[in-house]
Number of protein chains: 2
Amino acid sequence: MFNEKYPSQILQDAVEAVSSLPGIGSRSALRLVLHLLRQPEENIRHFAHSVERLATDVRYCRTCMMIADGDVCPICGDSSRDHRTICVVESIRDVMSVEATGQFRGVYHVLGGIISPINGVGPSDLNIAQLESRLQAFGEEASDVEVILALSGDVEGETTSFYIYRKIAPLGVKVSTLARGLGFGDDLEYADSLTLGRSIAARQPFRP
Amino acid sequence: MFNEKYPSQILQDAVEAVSSLPGIGSRSALRLVLHLLRQPEENIRHFAHSVERLATDVRYCRTCMMIADGDVCPICGDSSRDHRTICVVESIRDVMSVEATGQFRGVYHVLGGIISPINGVGPSDLNIAQLESRLQAFGEEASDVEVILALSGDVEGETTSFYIYRKIAPLGVKVSTLARGLGFGDDLEYADSLTLGRSIAARQPFRP
């Protein structure tokens, strides 16, 4: 009767919607949808409403372009943070990773992606122009500003870092990047040779 | 600023809703929500609407209790099927598995679960009473009806099968269950001993 199909169009629509998410196939989607169906009606409505608000209510911080509920995100609105140390990251997930370290008291700039010709993402698709005007607004004080390029270490990340560096270095800001090398506690024996080689080339003074 | 928290309540609500699904942790949920956020607004709305319709529009076939768009599911509404061979299954996923074999031309009865004292699921939580009244409606012709108990082979499945058997055997219907044994093409060497033992005990006449 229904090979590979569903007995209900509503069920099928929900399964297709859920299986459009990355990493979720139609079998998992069916399992998730049937789980939802077993929940009380108000839970299902709450789920749907939470998702719908992503379309209607999410805004972006006008300063750092991070997802926010208002015009300004909690980090940019926090006067106790150092607003002259700006960490440039690919996405909000990276903001959360850096925040989780508890080691950074500056602010962020969220690019919203990375330059990737294969995926059709160019500089104009990212929040790079916003970074430039944000830095231009410092005017004469730009020399007190440090921009940390905290992008991934692959080719796309390096390309994006280099592109941004060329755009912002003329403004007079300091530009730095993350230290790379062996992880703390890593064993030489198991390190990949690229990382080990770079760790030797970028060796640091020993501070006992 | 926001350890383990999110810069936006809307984002947090959506992540919590998605991570309430089985097998999806908060990191995966964040990844899925950020993926949704990158979609066009109409896609997000469509997703939310598809889920909401699960709460508002899903109905159950009045005969077999399967999810349906109307009063009767496509299988019960198909007069070319054998309505006197009723396959009792735990969930709609089992219906789809049996349908995928292409070997069954009867109809179904969906229990909506399995008797499981540990999970607080008793007989009254399942569609067993509906099965009884469905069979009672056959009256004198019940002896022409076959009920196939196609439940899982674990303790809960066996318990549920036995409970249903006691309820429906007095009505005069034939009750059968799935053949169990080594899978077709299975190697004796790798079979678990319980399955192998039962396959020997339930040996069949050889038909060359």
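The values are calculated or read from the model by the stated rules, or taken from the named source; none is laboratory data. On a predicted model such as this, the values are computed, not experimentally measured, just so you know. Reconstructed Cβ throughout: ideal geometry from the backbone, glycine too, with neighbour counts over all protein chains shown. Side chains are part of the model used for accessible areas, which takes the heavy atoms of the whole protein and leaves out ligands, DNA and RNA. Shrake-Rupley method; radii C 1.70, N 1.55, O 1.52, S 1.80 Å.
Key figures for this structure:
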| read-out | value |
| --- | --- |
| Distance between modelled label sites at B:TYR190 and B:SER152, nm, 7 Å Cα→Cβ extension | 2.3 |
| Average partner coverage of A:13-26, which counts Cβ from other chains inside 10 Å | 5 |
| Residue of chain A whose Cβ sits closest to the axis mapping A onto B, with distance in whole Å | A:ALA48, 2 |
| Solvent-accessible ranking of A:LYS5, B:LYS167, largest area first, probe 1.4 Å | A:LYS5, B:LYS167 |
| C-alpha center-to-center spacing [segment A:45-66, segment A:118-143] in angstrom | 24 |
| Long-range Cα-Cα pairs in chain A (distance over 21 Å), rounded percent | 67 |
| Accessible area of the protein assembly as shown divided out per residue, in Å², using a probe of 1.4 angstrom | 57 |
| Most fluctuating residue given options A:LEU196, A:LEU135, A:LEU178, as computed from a GNM of chain A linking Cα atoms under 10 Å | A:LEU196 |
| For a label point 7 Å along the Cα-to-beta-carbon line of A:ARG93, residues of segment B:22-37 with backbone N under 17 Å | B:24-37 |
| Spacing of the two label points (7 Å from each Cα toward its C-beta) at A:ASP144 and A:PHE162, in nm | 3.4 |
| Of all DSSP beta bridges in segment A:43-169, antiparallel share, percent nearest 5 | 25 |
| Rg/Rh ratio calculated on Cα atoms of the protein assembly as shown (Kirkwood radius) | 1.13 |
| Crossing angle, helix B:41-56 versus chain B [Cα axis fit, 0-90 degrees, rounded to tens] | 40 |
| Pairs of Cα atoms farther than 22 Å apart, segment B:1-92, % | 51 |
| Label 7 Å beyond Cα on the Cβ vector: A:ALA169 copy-to-copy distances, nm | 8.6 |
| Fraction of antiparallel bridges per DSSP, the protein assembly as shown only, in percent to nearest 5 | 20 |
| Position A:GLY23, label points 7 Å along Cα→Cβ, spacing to each other copy in nm (shortest first, one decimal) | 1.3 |
| Label point 7 Å beyond Cα along the C-beta direction, distances from B:LEU196 to other copies (nm, shortest first) | 4.6 |
| Using alpha carbons only: equivalent-ellipsoid semi-axes of segment B:71-125, gyration tensor based, whole Å | 25, 12, 9 |
| Solvent-accessible area, 1.4 Å probe, carbon plus sulfur percent, for the protein assembly as shown | 50 |
| Accessible area buried, both sides summed, chains B and A with 1.4 Å probe, Å² | 5500 |
| Distance-filtered residues of segment B:30-48 - backbone nitrogen under 19 Å, label point 7 angstrom along A:GLN39 Cα→Cβ | B:30-37, B:44-48 |
| Among B:GLU141, B:GLU41, B:GLU16, residue whose mean-square fluctuation peaks in a GNM of chain B (springs only between Cα atoms under 10 Å) | B:GLU16 |
| Additional length obtainable on full extension of the chain from B:ALA202 to B:SER133, 0.36 nm per residue less Cα span | 21.5 nm |
| Top of B:ILE75, B:ILE118, B:ILE168 by mean-square fluctuation, Gaussian network on chain B, Cα under 10 Å | B:ILE118 |
